[in-house]
Amino acid sequence: RPAAGGAAGAGEAVGPAAAGSQHGSHADGGGSGGGLGFGGAGGLDAGAIVGKDADAQVCYDGTYAGITGMKSFFWSFGTSWRWVDSYGGGLMSTALDRRDKSHHKSILRSSPFIVTSTTRLSITTRGGTGAVDTVAGQMADFSGTSSPNGFLGIAIWQRATGMWALSKRRMEPNQDVDDVITFTPEELAPLVGLEVTVDVVDTFGTYWGWITVRSFTLEGTCGGQQAPIASITASANEDCRFVGKSSLQSFFGSLGVPWYWTNKFGGGMVNAEVQHRDWEHSKSILRSVPFEVTPTTRFSLITRGGRGGAASIDGTAVDASGDTSHTGFLGVAVRLVLTDHWVVSKRRQSSSQEDDEEISFDASDLAELVGQVVTVDIVDAFHGWWGWLSVREFNLHGPCQTTQTNAPLFLDPPTSTSTATSTTTAATTLVSQTTERPTTTTTEAASTTTTTVDSAKSESESCVAKKSTAKPSLYCFSVMNRQEVKLIQEQFKRRASIFACNDYNIISNIPMSIGKDECGKEVYTWHNDVQAVPMGDFKKGQSTSSFLNTETFILAWDTLLAGGKVPKHDFIVKVDPDCVFFPGRLRQHLGQYTGQSVLVKNCALYGVKLFGALEAFSEPAIDIYRQHREECKEMDWRGWGEDLYIQNCLESHGVKGVEDFKEVGDGRCKAAPCTDGSVAAYHPYKDSAAYWKCWEESPK
């Protein structure tokens with residue numbers, strides 16, 4: 001995980017500690033400056049717990065205090081949490097001048113751990129008291145801005161459901177007085193055996209609208225027997241059977257809105273109230289604990305209800321937002337955890353809502369998923385006649401004996417070695433296909449961050465993946481959404497587009513591997529946890545008709561600067577995934593500008609500008625952005641495209657814009673045929689077949 005870069009601070013790094021079997025105190029003497037990751041996790045800390053032998057249980061016991069200690073175990077979502085020396089010192093979610101005003105919601109989240117019967121935790125806080133007493137039972141939400149009706153305090157987040165299970169607000173009326181918020185073993189008893197995080201939550205924005213935390217103590221995660229799944233009956237053939245309310249609730253959790261038990265229609269878990277089941281209601285998912293598919297895995301569910309509208313949701317991205325529709329799906333789907341897509345799905349076929357129907361997935365249905373981690377999702381996205389579905393029994397064969405309720409819904413990062421530097425607003429998570437938490441080591445120093453990612457070589461390895469050594473050197477990146485996964489994987493397999501640059505990275509809100517390099521090592525996305533963005537509209541006064549994705553790319557640039565690769569290359573190139581790109585040709589366009597501080601304006605439509613399909617910047621230009629990015633983030637950029645944001649930022653700080661209208665043939669500006677070998681890229685080609693047809697037609 002790249003640690004964030006910046007000038008302020010005491011050399012601290014960002015992000016959760018690695019799991020281990022040791023415990024103790026993790027503290028430092030304080031310091032100032034630097035913030036945790038903007039939107040996710042990144043970096044590691046020398047105070048992190050390290051070491052995990054094969055037989056040791058995950059253990060996080062200890063006290064985490066000061067900048068180094070706190071940042072070794074916590075990361076932020078929504079906005080950056082920064083260390084302040086005022087108010088007794090601590091991590092604060094807002095800038096000092098915004099603490100009593102409306103600001104972005106934010107969460108400071110701990111590393112996940114398993115609750116045992118002896119787990120106890122306490123956290124030292126200062127600040128306001130917020131408006132509401134609790135957020136227990138709510139989905140964790142850090143989107144949007146704070147309000148006078150928000151919460152300010154500590155919540156326990158249950159990873160399997162995505163909901164806050166317990167919470168406590170600050171009660172001390174004086175913002176300058178410590179309030180130690182404690183959760184006892186008795187209070188945590190309902191969560192024994194489950195994986196949770198400790199969230200410091202700021203959704204409150206008015207007088208005393210802030211909270212700081214400076215130390216955290218956790219006890220009782222080392223050793224001890226973890227609670228088994230409730231109501232399991234296992235036999236010699238490894239079958240598990242979940243029947244009835246308590247048994248099903250031990251293996252399934254709700255996403256979207258709560259599912260509850262009803263005794264009507266033969267009994268079962270259902271999400272829509274009986275009187276509303278045929279009317280429009282919120283979409284929702286009843287999701288199982290994750291498990292790994294084996295060659296013998298099969299499962300079945302006993303259901304009642306309707307058939308829904310859509311026959312299948314195979315290959316679609318998971319979506320539990322918004323309301324149901326007449327064309328929605330009603331049935332059971334298998335979700336691939338790695339990509340957050342539904343891979344195979346089945347709906348009820350019975351013509352009567354009151355008839356039991358067994359929906360079964362046998363080994364042949366799951367054959368392509370062997371070795372992958374999945375969940376079973378019961379999906380309700382439909383309203384209309386018989387617009388409901390209930391499940392009262394689930395039978396699983398194959399992975400039963402290794403399935404536990406504390407299995408993570410999101411997979412953990414690969415082993416990395418970092419040299420920590422001071423922090424600013426970047427955030428990156430690298431996610432692997434293994435559910436084992438790796439051993440991670442870090443060293444603090446006031447030097448540039450280096451991180452072992454993708455095909456980088458450790459000292460003990462003999463294989464090095466091949467990358468271009470051509471000059472000028474290009475560091476290329478793409479920001480990938482769910483619809484672009486296949487195209488990126490194809491490009492990587494053929495070492496085309498950005499994968500023919502001197503170095504590359506894929507930034508995405510999907511934590512996944514895009515494939516294996518020549519050494520057999522997985523190449524992972526750098527994970528930024530961002531939401532989908534809408535299209536702009538000139539008629540609404542917005543300055544782009546493309547995606548309003550500026551905030552996404554602000555985070556992406558922070559991530560790149562945190563990764564430590566930028567200073568090693570002559571040019572930094574952003575490439576849209578649907579852009580047919582030839583790095584060798586781009587070098588011919590850029591060579592004359594090596595060492596200068598330039599950005600390339602590649603479109604003359606409605607004025608000379610930078611157009612976002614392909615964006616090329618010299619390394620000195622991006623270094624200027626690094627120096628002034630906080631000023632640029634204060635520009636009135638909402639309604640802009642990301643290309644206009646970076647152009648305005650750089651030009652306002654002296655970077656020269658050079659014109660090259662033959663750099664890219666773009667259908668939204670000036671198109672060029674794929675047979676024109678003078679341009680470096682062609683755009684847009686979103687369809688895979690069209691993309692590779694253009695690539696084949698273009699001179700090599």
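Quick look at the numbers
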item	result
Residue in the range 625-643 that is closer than 19 Å to residue 585 by Cα, open to solvent by 30 Å² or more (accessible area, probe 1.4 Å) and at pLDDT below 95 present	no
Qualifying residue in the range 122-137 (condition: under 21 Å from the mean Cα position of the chain (by Cα) and not basic (Lys, Arg))	no
The range 68-120, subset within 24 Å of residue 138 (Cβ to Cβ), crowded, with 21+ Cβ neighbours inside 10 Å and among the small types (Gly, Ala, Ser), residue modelled with the lowest pLDDT	78
Extreme residue, most open to solvent (accessible area, probe 1.4 Å), among residues of the range 360-412 that are modelled with pLDDT of 70 or more and charged (D, E, K, R)	368
Which numbered condition residue 494 fails, given (1) among the basic types (Lys, Arg); (2) more than 22 Å from the chain's Cα centre (by Cα); (3) modelled with pLDDT under 85	(3)
Only listed residue being farther than 26 Å from residue 673 by Cβ and at pLDDT 90 or above, chosen from 600, 566, 573, 580	566
Pairs with Cβ under 8 Å, 6+ apart, first in the range 345-369 and more than 21 Å from residue 328 (Cα to Cα), second open to solvent by less than 30 Å² (accessible area, probe 1.4 Å) and in a loop (DSSP other than H, G, I, E, B)	363/297; 366/293; 366/297; 369/293
Residue in the range 566-577 that is most open to solvent (accessible area, probe 1.4 Å), counting only those that are charged (D, E, K, R) and under 14 Å from residue 506 (Cβ atoms)	576
Pair list, Cβ < 7 Å and 6+ apart or interchain, from the range 310-322 residues that are within 11 Å of residue 282 (Cα to Cα) to residues that are in a loop (DSSP other than H, G, I, E, B) and of a type in the set (Lys, Arg)	320/283; 321/283; 322/283
Residue count, the range 289-327 (criterion: of a type in the set (Gly, Ala, Ser) and over 29 Å from the mean Cα position of the chain (by Cα))	6
Which numbered condition residue 322 fails, given (1) surrounded by fewer than 19 Cβ atoms within 10 Å (Cβ to Cβ); (2) at pLDDT below 80; (3) within 30 Å of residue 522 (Cβ to Cβ)	(3)
Search result, residues across the range 489-514 that are over 29 Å from residue 593 (Cα atoms) and assigned to a helix (DSSP H, G or I)	489, 490, 493, 494
Scope the range 299-313; condition over 7 Å from residue 330 (Cβ atoms) and either of a type in the set (A, V, I, L, M, F, W, C) or open to solvent by 30 Å² or more (accessible area, probe 1.4 Å) (or both); matching residues	299, 301, 302, 304, 309, 310, 311, 312, 313
Residue in the range 203-211 that is touching a residue at least 12 places away in the same chain (Cβ under 8 Å), out of contact with any Leu (no Cβ under 9 Å at 6 or more places or on another chain) and surrounded by fewer than 16 Cβ atoms within 10 Å (Cβ to Cβ) present	yes
Spans of strands (runs of 3 or more DSSP E) in the range 91-206 with at least 3 residues polar (S, T, N, Q)	120-127
Entirely in the range 571-632, the strands (runs of 3 or more DSSP E) that have 1 or more residues that are small (Gly, Ala, Ser) and within 23 Å of residue 499 (Cα to Cα)	614-618
Residues located in the range 655-673, provided they are within 33 Å of the chain's Cα centre (by Cα) and open to solvent by 60 Å² or more (accessible area, probe 1.4 Å)	668
Of residues in the range 674-698 being of a type outside the set (Lys, Arg), open to solvent by 60 Å² or more (accessible area, probe 1.4 Å) and in a loop (DSSP other than H, G, I, E, B), the one modelled with the lowest pLDDT	687
Any hit, the range 168-191, residues being within 30 Å of residue 248 (Cβ to Cβ), of a type in the set (Val, Ile, Thr), more than 26 Å from the chain's Cα centre (by Cα) and surrounded by 23 or more Cβ atoms within 10 Å (Cβ to Cβ)	no
Selection count, the range 121-138, where residues are β-branched (Val, Ile, Thr), within 14 Å of residue 214 (Cα to Cα) and open to solvent by 10 Å² or more (accessible area, probe 1.4 Å)	1
Count of the range 583-615 residues which are surrounded by 20 or more Cβ atoms within 10 Å (Cβ to Cβ), under 20 Å from residue 495 (Cβ atoms) and of a type outside the set (A, V, I, L, M)	2
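The values are calculated or read from the model by the stated rules, or taken from the named source; none is laboratory data. Treat the numbers as computed from the prediction; the structure is a model and nothing was measured. Heads up, the Cβs are rebuilt from the backbone with ideal geometry, glycines too, and the neighbour counts pull from every protein chain shown. To get the accessible areas, we keep the full protein, side chains included, count just its heavy atoms, and leave off ligands, DNA and RNA. Shrake-Rupley method; radii C 1.70, N 1.55, O 1.52, S 1.80 Å.
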